[in-house]
Amino acid sequence: MKAEILSILRETEGYISGQQLCKQFQVSRTAVWKVIEQLKEEGYQIEAVRNRGYRLESAPDVMWRAEIESLLTTKWAGCDVLYFPETDSTNTRAKHFGDEGASHGTLVVAEKQTGGKGRRGRRWESPAGSSVYMSILLRPEIQPNQAPMLTLVMAQSVAEAVCTVTGQRAWIKWPNDIVVNGKKVCGILTEMSTEIQWINHVVIGVGINVNTESFPEELAKTATSLYLENGKRWRRAPLIAEVMKQFERYYDLFIQTGDLSGILNEYNALLVNQGREVRVLEPGHEYNGHAVGINETGELLIHTADGRIRKVYAGEVSVRGIYGYV
């Protein structure tokens, strides 16, 4: 009931009476009052006026279950929100819940991670109070070789959400980083549990630097936050809700087409690699070329000096001017 009352308070212009809330939820005035008092204790500024009712004045920057649920407008993405003040990794938690039978669209969110993971087993620093750490559990009816495309679907969703919520233009560094003004603001990690011919579940983890004020010296040249780029602090729950909204839309389109053809033009329009010189780092082999864009299966197309178009599916791509490649 807490999330529903929060939603009503947000949607109501002016005041909503306690009596209206009582009728809607079929509970006593005391029950409504207790929820309101609990919200106040959690940092919500709620004005209560006799004979008029309640009005939400402001909300704290929290990622609790009720806060996120009160902002969601999706049908299935975030259908069940699981919040942890601290956990080892939201991906690890989501995979565990997936093995235990959790439903498609379950969203795991944490205030702090003690074992956050990046690509290739790298550690993802995850302090409390400033960033978004979340993972969504999916049960797609697709072949295992199609699952890596979901990383690109999420990248498109995060870039769109950042722009919608903050007005800040965000770009995609293929395949799984979001960059703002040339620096990384978000990383995405996709993991899956499979059999030979089918997928048990897929987990997509997202880490967004929102209100981070500084980074260690070794990261400061390549990493940034939304706060550092525009000088404004942002509430994180609305950003999570917007990512879920965008992801549900793009995911459903992906499932309909079976590939990235439905979002190809939108993705390439946000691709920071496009038209730029890149160095492709593959095991035992490196080469330069100009990035053309992605194809329908998410491969990065590289135009090389010999006139060929090469497809990059795996490996790591560095872009001229980003991440130390100058």
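The values are calculated or read from the model by the stated rules, or taken from the named source; none is laboratory data. Fair warning: this is a prediction, and the values are worked out from it, not measured in the lab. Note: ideal-geometry Cβ built from the backbone for every residue, glycine included; neighbour counts use all protein chains shown.
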request  = Kindly indicate whether residue 240 is surrounded by 19 or more Cβ atoms within 10 Å (Cβ to Cβ), touching a His at 6+ places or on another chain (Cβ under 8 Å) and not in a loop (DSSP other than H, G, I, E, B).
outcome  = no
key: Filter pass, residue 222 being β-branched (Val, Ile, Thr), at pLDDT below 95 and assigned by TED's automatic domain parsing to the domain that holds residue 153   = yes
key: Options 153, 165, 158, 179: the member that is assigned to a strand (DSSP E or B) and in contact (Cβ under 8 Å) with a residue 40 or more places away in the chain   = 179
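Just give me the residues in region 191-206 being surrounded by fewer than 23 Cβ atoms within 10 Å (Cβ to Cβ) and closer than 30 Å to residue 216 by Cβ, in sequence order.
If the condition is that a residue be surrounded by fewer than 23 Cβ atoms within 10 Å (Cβ to Cβ) and closer than 30 Å to residue 216 by Cβ, then 191 is the only one that fits.
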request  = Within region 157-169, work out how many residues are farther than 16 Å from residue 140 by Cβ and surrounded by 23 or more Cβ atoms within 10 Å (Cβ to Cβ).
outcome  = 4
ask   = If we only count strands (runs of 3 or more DSSP E) wholly inside region 1-96, which ones have 3 or more residues that are of a type outside the set (Gly, Ala, Ser) and surrounded by 14 or more Cβ atoms within 10 Å (Cβ to Cβ)?
value = 53-58, 81-84
ask   = If you take the residues of region 255-296 that are outside any loop (DSSP other than H, G, I, E, B) and touching a residue at least 60 places away in the same chain (Cβ under 8 Å), which of them is farthest from residue 171 (Cα to Cα)?
value = 255
request  = Quickly run through region 259-277 and pick out the residues that are surrounded by 13 or more Cβ atoms within 10 Å (Cβ to Cβ) and either among the polar types (S, T, N, Q) or in contact with a Phe, Trp or Tyr (Cβ under 8 Å, 6 or more places away or on another chain) (or both).
outcome  = 260, 261, 262, 263, 268, 270, 271, 272, 273, 274
